[in-house]
Amino acid sequence: MNKRSFLKGLAFAATGATLPSATWASMFDKVAGISPVDLATNEDFWLGIRKMYRLKPDYINLENGYYNIQPQPILDAFLEHVREVNYQGAYYMRTVQFDNKKKAAAKLAVLAGCSSEELVITRNTTESLDMIISGYHWQPGDEAVMAEQDYGAMLDMFKQTARRYGMINKIVSVPNHPASDDEIVQLYASAITPRTKLLMVSHIINITGHILPVQKICDMAHGKGVEVMVDGAHAFAQFQYKIPDLHCDYYGASLHKWLSTPLGAGILYVKKGSASRVWPIFAEEGRDENDIARLNHTGTHAVHTDLAIADAIAFYEMLGAERKETRMRYLQQYWTSKLRHTPGVVINTPEDPARSCGIANAGVTTMKPGVLAERLLKDYKIYTVAIDGANVHGCRITPNVFTTTQELDVLVKALTELGAERSMS
C-alpha cells in the first residue's frame with residue numbers, strides 16, 4: 001500500500017487529525033530521495049512526524065517500550081472501527097469477524113516473512129509465550145533453559161509449570177557487555193543437558209535493549225535436539241528481520257509496542273509442523289493437530305483492535321521500516337554516546353551499535369534505580385521506568401519516533417548532574 005492509498009483509505013476524521021492528509025503526503029514526497037541515514041538526523045522531518053501524535057505536555061515520555069501510543073491516523077481509524085463494530089453488533093461478530101482477523105494475520109505474516117499458516121493474532125506476548133510454556137508436553141525431569149533477564153511473566157509461567165509437571169528450570173545470566181556472540185551462545189550451550197527440551201531467549205532484552213544473536217543460539221540448540229522459543233516483544237517493528245531467518249520454533253511479540261496498534265494485539269509464530277506439540281489455552285476440537293488455528297480460540301474479544309492492525313501496518317510502511325530503525329538507532333546512540341564515560345553514570349547496554357537499537361538503560365552508580373526514576377520525573381520532568389534486578393540497575397530509556405534530540409539533551413543533562421551530585425556526597 002502506498003502512502004496516498006493509506007491516507008485515502010483511513011478516511012481520517014477532520015476534527016481529530018493534527019495535520020491534514022495532504023500535508024503528510026507532501027512531507028514524505030519531499031524526503032523520497034534522502035537516505036535513511038541522512039534522514040535520521042533531519043530534525044525538521046521528525047518534528048513533522050511528531051505532529052501526528054497527541055503528546056501530554058507534563059513530561060518527556062521516555063517509557064515508550066511498555067506501550068507505544070498510537071499516532072493520530074491509527075487512532076482515528078481505530079475509533080471508526082469501534083463505531084462500526086458497535087453499529088453492526090452481533091451481525092458483524094457472526095458474519096465477517098473471523099475472516100477479517102485472518103486477513104489481518106495474513107498481513108502480519110507478510111511483515112514477519114512467514115507463511116500465514118504459521119502465525120496467529122493473540123492479545124500480547126505473554127499470552128503467546130505462556131501458551132507454549134504451559135502447553136508444552138512436559139514430563140517429570142524435563143528441563144528448560146532461560147535467562148534471569150527474561151520477562152517476568154514468562155519466568156513466572158516456567159516456575160508454575162515446574163510445580164505442576166515436575167520439569168526443571170535452568171537459569172543463566174546474560175552479561176550486559178559481552179565480548180562476542182560466541183560468549184552468549186556458549187552461555188546457553190553450557191546449560192543444555194540431554195534432558196533439555198526447550199530454550200527461551202529474548203530477541204532483545206526488555207530491560208537493557210540488548211539484541212541477542214538469536215539465529216546462532218537457535219542453530220546451537222537445534223544441534224543438541226532442543227527447540228527454541230523467542231520473546232520478540234520489543235523487536236517486532238522496531239528493527240528489521242524476518243522470523244524464519246532466526247531459525248526458531250516459536251516466536252511471540254506484542255503489536256501495541258513498536259507497531260503501535262491499539263492495546264490488545266500480539267502475534268504467535270509456530271514453525272509449520274510444530275503446533276501439535278502444544279496444548280492450547282482454550283480448547284477447540286475438530287481441527288488438525290498441526291493447524292495453528294487450534295491455538296487461537298480466545299472467545300469473544302476486542303475485534304476492533306484486530307481491524308486496526310492493517311492501519312498500523314500501513315502507517316509503519318508509510319514511515320518506512322528502514323527509516324524508523326535508523327532513527328531509533330540514532331536516538332539511542334545520540335544520548336548514550338554522551339554518557340558512557342561520564343563520572344557517576346553507568347550504561348547497562350552494549351556499546352556496539354549492532355547489539356542494540358532504540359532501547360538502552362542508564363543508572364547512577366550511587367543511586368537506587370527507584371530513586372533515580374523519581375528524581376528524573378520530579379526534577380527534570382522525564383518519565384521512565386526503574387529496573388533493579390537481574391544484574392541491571394538503572395532506568396530503561398525508550399524513545400519513540402516523536403522524541404526529539406532536545407528532549408534527549410535534557411536526559412543527558414539530568415544524568416550528568418545526578419551522577420556528579422551523588423559522586424560528591
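I'd like to know if the range 299-318 contains one or more residues that are under 19 Å from Ser134 (Cβ atoms) and either surrounded by fewer than 16 Cβ atoms within 10 Å (Cβ to Cβ) or basic (Lys, Arg) (or both). Scanning the range 299-318 turns up at least one residue that is under 19 Å from Ser134 (Cβ atoms) and either surrounded by fewer than 16 Cβ atoms within 10 Å (Cβ to Cβ) or basic (Lys, Arg) (or both). Of everything in the range 352-379, what is in contact with a helix residue (DSSP H, G or I) (Cβ under 8 Å, 6 or more places away or on another chain) and over 22 Å from Ala233 (Cα atoms)? Give them in sequence order. Correct list: Gly363, Val364, Thr365, Thr366, Met367, Leu372, Arg375, Leu376, Asp379.
Kindly evaluate Glu84 against the criterion of being touching a Leu at 6+ places or on another chain (Cβ under 9 Å), crowded, with 18+ Cβ neighbours inside 10 Å and outside the structural domain of Tyr269 (by TED's automatic domain parsing). No, not satisfied. Going by what's in this entry, would Thr208 be described as of a type outside the set (A, V, I, L, M, F, W, C), under 21 Å from Val385 (Cα atoms) and in the same structural domain as Tyr251 (by TED's automatic domain parsing)? So Thr208 fits the description; yes.
Of the residues that make up the range 326-334, is at least one of a type in the set (Phe, Trp, Tyr), in contact with a Phe, Trp or Tyr (Cβ under 8 Å, 6 or more places away or on another chain) and either in contact (Cβ under 8 Å) with a residue 40 or more places away in the chain or under 16 Å from Ile207 (Cα atoms) (or both)? Looking for residues that are of a type in the set (Phe, Trp, Tyr), in contact with a Phe, Trp or Tyr (Cβ under 8 Å, 6 or more places away or on another chain) and either in contact (Cβ under 8 Å) with a residue 40 or more places away in the chain or under 16 Å from Ile207 (Cα atoms) (or both), one finds none in the range 326-334, hence no. The single condition among (1) over 25 Å from Gly320 (Cβ atoms); (2) not in a loop (DSSP other than H, G, I, E, B) that Asp58 does not satisfy is (2). Does the range 78-92 contain any residue that is within 22 Å of the chain's Cα centre (by Cα), in a helix (DSSP H, G or I), over 11 Å from His304 (Cβ atoms) and touching a residue at least 12 places away in the same chain (Cβ under 8 Å)? No: the range 78-92 contains no residue that is within 22 Å of the chain's Cα centre (by Cα), in a helix (DSSP H, G or I), over 11 Å from His304 (Cβ atoms) and touching a residue at least 12 places away in the same chain (Cβ under 8 Å). Of all strands (runs of 3 or more DSSP E) completely enclosed by the range 330-425, which ones contain at least 1 residues that are under 19 Å from Tyr67 (Cα atoms)? Here the list reads 360-364, 385-389, 392-397. Residue pairs whose Cβ atoms lie under 7 Å apart, sitting 6 or more positions apart in sequence or on different chains, and linking a residue in the range 58-73 that is touching a residue at least 40 places away in the same chain (Cβ under 8 Å) and among the charged types (D, E, K, R) to a partner that is surrounded by fewer than 22 Cβ atoms within 10 Å (Cβ to Cβ) and outside any loop (DSSP other than H, G, I, E, B), are Glu63/Tyr383; Glu63/Val385.
Does the range 6-21 contain any residue that is assigned to a helix (DSSP H, G or I), over 25 Å from Val110 (Cα atoms), modelled with pLDDT under 95 and outside the structural domain of Gln333 (by TED's automatic domain parsing)? Scanning the range 6-21 turns up at least one residue that is assigned to a helix (DSSP H, G or I), over 25 Å from Val110 (Cα atoms), modelled with pLDDT under 95 and outside the structural domain of Gln333 (by TED's automatic domain parsing).
Taking (1) more than 21 Å from Lys224 (Cβ to Cβ); (2) in contact (Cβ under 8 Å) with a residue 40 or more places away in the chain in turn, Arg164 satisfies each apart from (2).
Does the range 205-212 include one or more residues that are at pLDDT 95 or above, closer than 23 Å to Gly225 by Cβ, among the small types (Gly, Ala, Ser) and surrounded by 23 or more Cβ atoms within 10 Å (Cβ to Cβ)? Taking every residue of the range 205-212 in turn, none turns out to be at pLDDT 95 or above, closer than 23 Å to Gly225 by Cβ, among the small types (Gly, Ala, Ser) and surrounded by 23 or more Cβ atoms within 10 Å (Cβ to Cβ).
Within the range 309-320, is even one residue in a strand (DSSP E or B), under 29 Å from Leu155 (Cβ atoms), within 21 Å of the chain's Cα centre (by Cα) and hydrophobic (A, V, I, L, M, F, W, C)? There is no residue in the range 309-320 that is in a strand (DSSP E or B), under 29 Å from Leu155 (Cβ atoms), within 21 Å of the chain's Cα centre (by Cα) and hydrophobic (A, V, I, L, M, F, W, C). Any residue in the range 53-61 that is modelled with pLDDT of 90 or more and in contact with a His (Cβ under 8 Å, 6 or more places away or on another chain)? No: the range 53-61 contains no residue that is modelled with pLDDT of 90 or more and in contact with a His (Cβ under 8 Å, 6 or more places away or on another chain).
The values are calculated or read from the model by the stated rules, or taken from the named source; none is laboratory data. Keep in mind the model is a prediction, meaning the values are calculated, not measured. Neighbour counts are summed over all protein chains in view; Cβ atoms, including those assigned to glycine, are modelled from backbone coordinates with ideal geometry.
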